[in-house]
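The next block holds one structure in the form of structure tokens; read it before the comments.
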Amino acid sequence: LAAREVAWGRVWHLAGPGTITQREAATLAFAAAGRKPKLMVAGKTMLRLAGLFDPMMRELVEMHYLLTDPVVLDDGALQALIGPIRKTPYAEGIRRCVEAAAAA
């Protein structure tokens, strides 16, 4: 994109191969690691309480909407400029990340 002047000054999104929830992604990650999923939802009140002791948790309160409202990216403009983009399926990408982390 940096080499194409027409792309300058714009925001470009790179969408995934489809939509996926955080729960689905976590379930795929646990499965790839050969473990039973252990998931917990922390609401704003819990994050505020944890934020009293952990600065990272304090910052998550402000970003909580990303956990509750769908974020769907559209890369149609990007593909119109550079052509089709091969996208790795979530299950494969997550599996490969878990394998790489285990090998590190």
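Just a few scattered comments:
- Test: residue in the stretch 69-78 that is modelled with pLDDT under 95, closer than 30 Å to Pro17 by Cβ and of a type in the set (Val, Ile, Thr): yes
- Every residue from the stretch 72-104 that is among the aliphatic types (A, V, I, L, M) and touching a residue at least 24 places away in the same chain (Cβ under 8 Å): Val72, Leu73, Ala77, Leu78, Leu81, Ile82, Ile85, Ala91, Ile94, Val98, Ala102
- Looking only at the stretch 1-10, residues that are part of a loop (DSSP other than H, G, I, E, B) and either among the β-branched types (Val, Ile, Thr) or over 17 Å from Leu73 (Cβ atoms) (or both) come to 5 in all.
- Considering the conditions (1) in contact with a Phe, Trp or Tyr (Cβ under 7 Å, 6 or more places away or on another chain); (2) within 22 Å of Ala101 (Cβ to Cβ), Arg35 is excluded by exactly one of them, (1).
- Once the stretch 11-43 is narrowed to residues that are assigned to a loop (DSSP other than H, G, I, E, B), without any contact (Cβ under 8 Å) to a residue 24 or more places away in the chain and within 25 Å of Asp74 (Cβ to Cβ), the residue that is farthest from the chain's Cα centre (by Cα) is Val11.
The values are calculated or read from the model by the stated rules, or taken from the named source; none is laboratory data. The shown structure was predicted, so the numbers you read here are calculated from the model rather than taken from an experiment. Backbone-built Cβ (ideal geometry, glycine too); neighbour counts: all protein chains shown.
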